[in-house]
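These notes are about the structure you will find just below.
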Amino acid sequence: MALISKEYDQFVESDVHSLQKQDLAFTSRHYEHFIKYMGSKSKIMDFLLEGINSVYSGDRVCDLFAGSASLAGAIGDQIPIHSNDIQNYSAVLANTYLNAWDDGNIPSLEILKELSTQIFERNYKSLNIRNSYQNISDVQAFIELEKSEQKLIDRRFNRDWHLFVKYYSGTWWNIEQCLWIDAIREVAETHKNTPAYSVILSCLMYAMAYTSQGTGHFAQYRDAISESSMKDILIYRKRSVWDYFAKKYISATSQLSSVKPKYKHTVTALDFSECLDVFGSGTVYADPPYCFVHYSRFYHALETIALYDYPEIQIKKGKIVKGRYRENRHQSPFCIKTQVPSAFHTMFEKIKANGQSLVLSYSNTGMISIEEIGQLAEDILGSNYSLELLTTSHEHMTLGRVKDRHRDVKECLLLAKLG
């Protein structure tokens, strides 16, 4: 295939499907999937691992923008991993993949159900709920029920562990679903600092994702504007948080080994620049955001379940923003067009200063062109690095229900190998 431009003598483009078959140093193991995640690389994990194997020369691997922590899930049994993401929910998922094991104290599903049910029933009774989604067929009655639940944001509670009931009832979940989310989260806290903690939280995230009436993320919940939209929302309103949690918990715990993980993994929630300095030498896999939408907007509810910190909610013009976003959510420079070049400049400078090899994942639909990224890498990394570009076409999931749910993109791996 042709070079990207005549100036790119060292910047060779290859299609992954044309490469010769070879034995990979790292191969993907089976791992549980817990959340619906935009831009997830789980479907092209073999492609990513081919890139990592091409530059890896020993030491550890750092997943710089871990997101749903798929890389930790794929190869955490084969190499010491440093999993990093500015979002704390990612650390929970990474710990489940990397550091959770059956130490003999993993609670049974029966015990979790007993404790969660006690909490749910006590709090359900205290709220004196009379309305139910089970028999609603009238759109106006449905809208009124939704609005009545949404007003709980203004209610004062005299007990702890009421965050989701207060913040999110009548939005992505109904009040009963929120009661279950709060109950399971409260039980999870009793296992803090044990291998069970991250597993329980990860399975709860799964239940949240698959009972939510949204489109797979939490940027905007849907309103019933017609009988058909009401019926679709009701499908999710009637789903059981506990049932989805239990299904995933059985599956996840069955995968846990009774042997403590043999590698000393690291999990952090740092800015990418700080993480590169903390990581030191080794191989970095970087999968920064590609577009203008901030992941903190799409997954703020997961951040809140991880932190459970009763955050301030974003307000505009005196009104609570419909998405009920966290006021101080992270804004990535990779999602701000004027800041993208400098963010990549910082990344490449840090990579060079720390003597790290790099596998950079990006898309031809990103905020900056592949050619621009390649030129920056060549200018900054210099002759000490060999640069290569691998590409593959795949279908990117945007998590929309109707239009543009899937988009054909070309995934690119910039390989920067030191020496």
Residue that is surrounded by the fewest Cβ atoms within 10 Å (Cβ to Cβ), among those in the range 82-104 that are at pLDDT 95 or above and small (Gly, Ala, Ser)
Ala91
Residue list for the range 8-49, restricted to those being surrounded by 16 or more Cβ atoms within 10 Å (Cβ to Cβ), among the hydrophobic types (A, V, I, L, M, F, W, C), modelled with pLDDT of 50 or more and in a loop (DSSP other than H, G, I, E, B):
Phe26, Phe34, Ile35, Met38
Does Arg326 satisfy being within 20 Å of Ala209 (Cβ to Cβ), in contact with a strand residue (DSSP E or B) (Cβ under 9 Å, 6 or more places away or on another chain), buried (at least 21 other Cβ atoms within 10 Å of the Cβ) and basic (Lys, Arg)?
no
Condition first: closer than 14 Å to His265 by Cβ and either among the polar types (S, T, N, Q) or free of Cβ contacts under 8 Å to residues at least 40 places away in the same chain (or both). Now tell me which residues in the range 92-125 satisfy that.
Asn95, Thr96, Asn99
When you scan the range 208-220, do you find a residue that is at pLDDT 95 or above, crowded, with 18+ Cβ neighbours inside 10 Å and touching a Leu at 6+ places or on another chain (Cβ under 8 Å), even just one?
yes
Out of Ala219, Ala246, Ala269, I need the residue that is in the same structural domain as Ile351 (by TED's automatic domain parsing) and of a type in the set (A, V, I, L, M). Which one?
Ala269
Residues within the range 159-183 that are more than 16 Å from Asp309 (Cα to Cα) and in a loop (DSSP other than H, G, I, E, B), tallied
4
For the range 291-307, which positions are surrounded by fewer than 22 Cβ atoms within 10 Å (Cβ to Cβ) and either without any contact (Cβ under 8 Å) to a residue 60 or more places away in the chain or in a loop (DSSP other than H, G, I, E, B) (or both)?
Cys291, Phe292, Val293, His294
Sole miss for Gln150 among (1) in a helix (DSSP H, G or I); (2) surrounded by fewer than 21 Cβ atoms within 10 Å (Cβ to Cβ); (3) touching a helix residue (DSSP H, G or I) at 6+ places or on another chain (Cβ under 8 Å) is condition (3)
Out of the residues in the range 335-359 that are surrounded by 18 or more Cβ atoms within 10 Å (Cβ to Cβ) and among the β-branched types (Val, Ile, Thr), which is nearest to Leu48 (Cα to Cα)?
Val359
For Leu276: the one exception among (1) of a type in the set (A, V, I, L, M, F, W, C); (2) within 30 Å of Tyr133 (Cα to Cα); (3) crowded, with 17+ Cβ neighbours inside 10 Å
(2)
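The values are calculated or read from the model by the stated rules, or taken from the named source; none is laboratory data. It should be emphasised that the depicted structure is a prediction, and the values quoted were computed from it without experimental measurement. So basically every Cβ, Gly included, is an ideal-geometry build from the backbone, and we count neighbours across all protein chains shown.
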